[in-house]
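Participant: I'd like to ask you about the structure that follows.
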Amino acid sequence: MAQFQTPKGKGQIRRLRFGEGYDLQMSPSYYGIPLDGVERIDTVQTAGTGRETAVIVSGASKGCPVDTQVYLLHDNTMDTIQLGNCQTPVTLIKRSDAGFVATMGDGPDGLVWAYQPRKGVFGPVTAASLQSKPPPAVAEPAKKTAPRPPTQKKPSPGNAPDTPPARPVAPAVQRLDPDRVEMPPVVQSKSQQRDVTVWQMR
């Protein structure tokens, strides 16, 4: 189904020859790890560095029609983290540090997860909580000027239309910069994480 680089060499996701389902093999010299519950795979993406590989599998699993799973491959272990709510697709954006940001939904109420190599997957948090607020404006001291004589306002003709009030300008929508997403461990995902030991063939 897909091939990628792992800390142990060339890994792959395979469709099981006997029965239904898939497994993940860290390298040709390792046994395959069954991907429990996965029924369909649509896309496979990867992130991470040479010491750790994140394999992101999107598709469907038992009881979860819209499923996104992250498999973190370490030296001899694999962690599994689920993203999303099984109903709304998750969009991935790569980071410059070999990580990624996953978003679900639009607007300030959309949810965001972030993966940083060797730090894990954090989230979800709302997109609004990640928007950087502009610094408060500093008022400049008023300059002293000579007083001007009051001017009389000319009366407007009776048939002259009144000037409509200025329309308020809507604030610009800030786009999420994936490289600026930093999440503290306190918001670490509570999604199920399963630590699996990887067995090497002898």
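Participant: Hey, can you tell me all the residues within the stretch 42-76 that are in a strand (DSSP E or B), out of contact with any Gly (no Cβ under 7 Å at 6 or more places or on another chain) and farther than 12 Å from T6 by Cβ?
Facilitator: Across the stretch 42-76, the qualifying residues are T43, V44, Q45, I56, V57, S58, G59, A60, C64, P65, Q69, V70.
Participant: Being more than 20 Å from T126 (Cα to Cα) and touching a residue at least 24 places away in the same chain (Cβ under 8 Å) is true for just one of D42, D79, D67, D23. Which residue is that? Show your work before the answer.
Facilitator: On the way: D42 fails: touching a residue at least 24 places away in the same chain (Cβ under 8 Å); D67 fails: more than 20 Å from T126 (Cα to Cα); D23 fails: touching a residue at least 24 places away in the same chain (Cβ under 8 Å).
Being more than 20 Å from T126 (Cα to Cα) and touching a residue at least 24 places away in the same chain (Cβ under 8 Å) holds for just one of D42, D79, D67, D23, which is D79.
Participant: Might you let me know whether the stretch 4-17 holds any residue that is assigned to a strand (DSSP E or B), under 22 Å from T126 (Cβ atoms) and open to solvent by 10 Å² or more (accessible area, probe 1.4 Å)?
Facilitator: Within the stretch 4-17, the first condition is being assigned to a strand (DSSP E or B), and the residues that meet it are 4-6, 9-15.
When the remaining residues are screened for being under 22 Å from T126 (Cβ atoms), the result is none.
Among the residues of the stretch 4-17, not one is assigned to a strand (DSSP E or B), under 22 Å from T126 (Cβ atoms) and open to solvent by 10 Å² or more (accessible area, probe 1.4 Å), which makes the answer no.
Participant: Another one. Is there a residue in the stretch 74-88 that is surrounded by fewer than 18 Cβ atoms within 10 Å (Cβ to Cβ) and closer than 21 Å to S129 by Cα?
Facilitator: yes
The values are calculated or read from the model by the stated rules, or taken from the named source; none is laboratory data. What you see is a predicted model, and the numbers here were worked out from it, not measured in a lab. Reconstructed Cβ throughout: ideal geometry from the backbone, glycine too, with neighbour counts over all protein chains shown. With ligands, DNA and RNA removed, areas are computed over all heavy atoms of the protein, side chains included. Shrake-Rupley method; radii C 1.70, N 1.55, O 1.52, S 1.80 Å.
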